[in-house]
Every structure is written in structure tokens, then in C-alpha cells.
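The values are calculated or read from the model by the stated rules, or taken from the named source; none is laboratory data. Note that this is a predicted model, so its numbers are computed, not measured. Cβ coordinates were reconstructed from backbone atoms using ideal geometry, including for glycine residues, and neighbour counts include every protein chain displayed.
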Amino acid sequence: MKTVAQYVDFLKSKGFHLREDAIGFIHFGKQYTKATDELTNTAIELTLKAQKEFDGSYYISLLEMLVKNKISTRGAAIRFLKERELMAIS
């Protein structure tokens, strides 16, 4: 499992560069929701897939929803969103 910093570096290596304010917002959201690295990384991934860019308000809403519903893994997050038809994820 990657830390949030490692995941951001991974995205950068794939050509997706997050601005410093986005990275700060990611860390704020993680602390605000007390989310794990895995859940934070999942919220980043799903935000990028749904919005095609990093959208801070979407990311926070998604992270809050996952934490509130006690979702703890990437797989559970994807199932949760698919079951509720909140996101078309392949």
C-alpha cells in the first residue's frame, strides 16, 4: 500500500501533475476526515476518473461519504459507488 505522498509521486511519474494547492487540499481532507492512506488514495483516484482533473470539493465530498459509511478499502469504495449508481467505474 502506498502512502499519500507515494501515490502523488506515482501520479506524477504517469504524467499527472497535481498543483501544490491540490496536494495541500488532499492532505487537509485526509486529516479532516481521519481517512487512511488507502481511502485517501482511492478518493484521489476516483475524483480524477470522474472529473478528469482534481476537483477539491468533489474529493472532499467523496472522502466524507466513504468515511461516513465506514468504507475502508479501494474495492469496498468502488462497490459502494457502483451499488448506489453514483459513479460509472470500469
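For region 28-48, check the following and say yes or no: at least one residue is over 18 Å from residue 87 (Cα atoms), modelled with pLDDT of 95 or more and either in contact with a strand residue (DSSP E or B) (Cβ under 8 Å, 6 or more places away or on another chain) or among the small types (Gly, Ala, Ser) (or both). Write out each step before concluding.
Initial filter on region 28-48 (over 18 Å from residue 87 (Cα atoms)): 28-38.
Restricting the remaining residues to those that are modelled with pLDDT of 95 or more gives 28-38.
Add one more test, that the residue is either in contact with a strand residue (DSSP E or B) (Cβ under 8 Å, 6 or more places away or on another chain) or among the small types (Gly, Ala, Ser) (or both), and what stays is 29, 35.
Yes, there is a match, as at least one residue in region 28-48 is over 18 Å from residue 87 (Cα atoms), modelled with pLDDT of 95 or more and either in contact with a strand residue (DSSP E or B) (Cβ under 8 Å, 6 or more places away or on another chain) or among the small types (Gly, Ala, Ser) (or both).
Looking at (1) more than 27 Å from residue 85 (Cβ to Cβ); (2) of a type in the set (A, V, I, L, M); (3) modelled with pLDDT under 95; (4) surrounded by 15 or more Cβ atoms within 10 Å (Cβ to Cβ), which is the only condition residue 1 fails?
Checking residue 1 against (1) more than 27 Å from residue 85 (Cβ to Cβ); (2) of a type in the set (A, V, I, L, M); (3) modelled with pLDDT under 95; (4) surrounded by 15 or more Cβ atoms within 10 Å (Cβ to Cβ), the one that fails is (4).
Out of the residues in region 18-47 that are on the phi < 0 side of the Ramachandran plot and either of a type in the set (D, E, K, R) or in contact (Cβ under 8 Å) with a residue 60 or more places away in the chain (or both), which is surrounded by the fewest Cβ atoms within 10 Å (Cβ to Cβ)?
Narrowing region 18-47 to residues on the phi < 0 side of the Ramachandran plot: 18-33, 35-47.
After this cut, where a residue has to be either of a type in the set (D, E, K, R) or in contact (Cβ under 8 Å) with a residue 60 or more places away in the chain (or both) as well, the list is 19-21, 30, 37-38, 45.
Values: 19: 9, 20: 7, 21: 10, 30: 19, 37: 15, 38: 17, 45: 16.
Per the stated criteria, the residue is 20.
Just to be sure, is residue 71 surrounded by 13 or more Cβ atoms within 10 Å (Cβ to Cβ), β-branched (Val, Ile, Thr) and either touching a residue at least 24 places away in the same chain (Cβ under 8 Å) or outside any helix (DSSP H, G or I) (or both)? If you could, list the steps in order and put the result at the bottom.
Working: surrounded by 13 or more Cβ atoms within 10 Å (Cβ to Cβ): yes; β-branched (Val, Ile, Thr): yes; either touching a residue at least 24 places away in the same chain (Cβ under 8 Å) or outside any helix (DSSP H, G or I) (or both): yes.
Against the criterion (surrounded by 13 or more Cβ atoms within 10 Å (Cβ to Cβ), β-branched (Val, Ile, Thr) and either touching a residue at least 24 places away in the same chain (Cβ under 8 Å) or outside any helix (DSSP H, G or I) (or both)), residue 71 qualifies.
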